[in-house]
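Data block below; observations after.
The values are calculated or read from the model by the stated rules, or taken from the named source; none is laboratory data. Quick caveat, the model's predicted, so the values are computed rather than measured. FYI the Cβ positions are ideal-geometry reconstructions off the backbone, even for glycines, and counts take in every protein chain you see.
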């Protein structure tokens, strides 16, 4: 608009300059003023029209802008509301996750309790109960271990199962089953009666009632006959009528001890090959002890009084009486004095050599195999220790592979390897005592023979000094 006014003014100036020469200044000014007014009016009208158009165009824009601002305010309010809701949802999510974690922990704890309870129940089954409860226990255990779905139902089922079994066992109950009879490897069908810690069995065909104990490695327990339980009382008891029962005060320990004891041959078998070697050495030792007892009986020595009577005849030169007296003496002494009388007239040194020869021969005869008894007495415990060490090596090898889950079986294995040591001591102690006794008695009798030999030499010297004959 301003450019148009300037253009009009410039035109008026040019027009005024052109007509200046023809018109007067006043006329020109008037004409220019009139023209300027017209143009100014026209420009003002155009300006007003432009302003009106602007106002007309601006009004919708302002309305749209106000609408947009209103929408922005509304959207901001919605955003604030949504943000507040999101924070609430986040808090709710965190709370629900916390609750879910607590539920999971409780579920895991309940599952652990259910598993431990089921395991404890399975381990505490009475003899014979496994025949009709094992399948149910295994099914519950498999459902509890199944991780593909929730195991809360399995835990509840286990709790109900244990509760039901506890209620049933409180009053005792009976069930059909099968068992082995002690001393018989056949399986007999019959009825089990479960009363507290005791279990009884009554076979259907033949046999009397008995108390039941489990057998390791077998599904069927063993029934031990109770001869003192009267048949009519037992029948009433198994039929649910009032009756009397006999309870084992040891809780089955006496029967288990009887089973583990076994026969002597079973006990020796536990020691292995070393045990048989020890038994063989013990048998050899027993034979030698018997032989040495026989030798000791042949080594009987006369009393000093009987020998002195013979020596008195020798010292007095009564050869005939001495020959007669020597026949009444015992064999070892008689053999010594017979040789002495044979060489009584010889020089003293020669006589002593002959008597010493008899003594050495008797010593070698009666002391033979005594040293072997001493060796057996010393070696038997070592052999037993060898068997124990070998058994312990095997036991610890099994522990390395299978662990120590069952302390009872581990103690049983260790007790078996000690059998060799036990047998070694059983052989060694009597052998050592027998060796000491035999060695003492033989040495004592041989010492008595040496004494008699010395006294015989003295008696011959006395006869020679008196000039008397020393032989018949």
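Does residue 92 satisfy the criteria of being assigned by TED's automatic domain parsing to the domain that holds residue 173 and either more than 29 Å from residue 222 (Cα to Cα) or assigned to a helix (DSSP H, G or I) (or both)? So residue 92 does not fit the description; no. Residues being touching a residue at least 24 places away in the same chain (Cβ under 8 Å) and not in a helix (DSSP H, G or I): count how many of those fall in the range 337-367. Number of matching residues: 3. Checked against the criterion of being within 60 Å of the chain's Cα centre (by Cα) and in the same structural domain as residue 294 (by TED's automatic domain parsing), the candidates 354, 308, 365 yield just one match: 365.
Residues that are without any contact (Cβ under 8 Å) to a residue 60 or more places away in the chain, surrounded by fewer than 16 Cβ atoms within 10 Å (Cβ to Cβ), over 30 Å from residue 427 (Cα atoms) and in the same structural domain as residue 446 (by TED's automatic domain parsing): does the range 281-303 have at least one? Yes, that holds for at least one residue.
I'd like to know if the range 377-390 contains one or more residues that are at pLDDT 80 or above, within 21 Å of residue 296 (Cα to Cα) and surrounded by fewer than 16 Cβ atoms within 10 Å (Cβ to Cβ). Within the range 377-390 (the criterion being at pLDDT 80 or above, within 21 Å of residue 296 (Cα to Cα) and surrounded by fewer than 16 Cβ atoms within 10 Å (Cβ to Cβ)), the answer is no, since none of the residues qualifies. Within the range 318-331, the residues that satisfy the criterion of being touching a helix residue (DSSP H, G or I) at 6+ places or on another chain (Cβ under 6 Å) and crowded, with 19+ Cβ neighbours inside 10 Å are 322, 325, 326.
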